[in-house]
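This report concerns only the one structure given below.
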Amino acid sequence: MPGHYRVAVEIRLANLADAGAIQAIYNEAVATTATFDLRPRSLAEQEAWLTERSGAHAALVAVTDEREVAGFASLSPYRSRPAYSTTVEDSVYVAASHHGQGIGSRLLGELVSLADRHGFHSIIGRIVGQNEASIRLHRSHGFALVGVEREVGRKFNRWLDVVVVQRLPSADPADT
């Protein structure tokens with residue numbers, strides 16, 4: 001697995017007891033361009049989101065030795081039409097206080113393994129164009145650039161691009 005890890009974390013399936021910690025991390029991202037949501041999630045909304053993440057479309061959390069949820073990741077259906085059922089979209093969020101510690105890489109690595117175990121053929125990442133760290137993270141796990149959607153989002157009074165990356169089963173991080 002790529003990356004050098006600077007903090008020990010346990011990666012496990014998320015459960016409803018993690019909803020508050022996931023909410024805090026996600027709402028931290030709402031204040032940036034890392035997500036195109038414009039308002040923070042309530043705890044009830046986060047619990048509903050987490051309830052939908054089970055089975056093959058699971059959510060994972062990274063938990064520190066101090067039992068703090070330092071980040072989370074999830075697989076979501078890519079599109080609702082049946083022919084897309086073998087493709088998923090990934091999301092990875094790390095608490096700002098834990099950026100640069102290798103947690104995102106651990107989460108994404110486990111998420112890719114989870115997708116492989118569940119038989120998904122393709123994983124799509126959709127990343128705001130200015131998020132070079134997330135683009136590098138995905139490339140280090142075998143994702144390749146497939147395109148840029150220009151000015152598809154608007155937040156903080158500016159237009160935002162979305163970089164689309166994709167990982168196929170034969171992906172080798174050295175090839176991207």
Legend entry - As computed over the range 1-154, the Cα convex hull volume per residue (Å³): 120 Å³
Legend entry - Within the range 92-136, backbone nitrogen closer than 12 Å to the virtual label 7 Å beyond the Cα of THR32 toward Cβ: 92-101, 104, 128, 130-135
Legend entry - Charge sum, other residues only, whose C-beta stays under 11 Å from ALA95's C-beta, Lys/Arg counted +1 and Asp/Glu -1: -2
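Can you pull out the chymotrypsin sites (Phe, Trp or Tyr not before Pro) in the range 90-168 that DSSP calls coil and that have at most 13 other Cβ atoms within 10 Å?
Of the chymotrypsin sites (Phe, Trp or Tyr not before Pro), the ones in loops of the range 90-168 whose Cβ has at most 13 other Cβ atoms within 10 Å are PHE156.
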Legend entry - Net charge of Cβ neighbours under 14 Å - reference ALA70; Lys, Arg +1; Asp, Glu -1: -3
Inset, instruction - May I ask you to list the trypsin sites (Lys or Arg not before Pro) in the range 1-50 that are in a DSSP loop and have at most 15 other Cβ atoms within 10 Å of their Cβ? - result: ARG6
Inset, instruction - Based on a Kirkwood Rh over C-alpha pairs, give the Stokes-Einstein translational diffusion coefficient of the range 93-135 at 4 °C and viscosity 1.567 mPa s in µm²/s. - result: 110 µm²/s
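Can you give the percent of C-alpha pairs in the range 45-136 whose distance is more than 23 Å?
25 percent
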Inset, instruction - Grab the other residues whose beta carbon is less than 12 angstrom from that of GLU45, score K and R as +1, D and E as -1, and report the net. - result: -1
Inset, instruction - Would you give the gap between the C-alpha center of the range 1-55 and the C-alpha center of the range 103-176, rounded to a whole Å? - result: 17 Å
Inset, instruction - For the range 49-156, run through the GluC sites (Glu not before Pro) and keep only the ones in DSSP coil with at most 15 other Cβ atoms within 10 Å of their Cβ. - result: GLU66, GLU68
Inset, instruction - Might you report the magnitude of the Cβ-based charge dipole of the chain about its Cα centre, with Lys and Arg at +1 and Asp and Glu at -1, to the nearest 20 debye? - result: 380 debye
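Coordinate-derived values only; no laboratory data. The model shown is predicted, which means the values in this text are computed figures rather than measured ones. Note: ideal-geometry Cβ built from the backbone for every residue, glycine included; neighbour counts use all protein chains shown.
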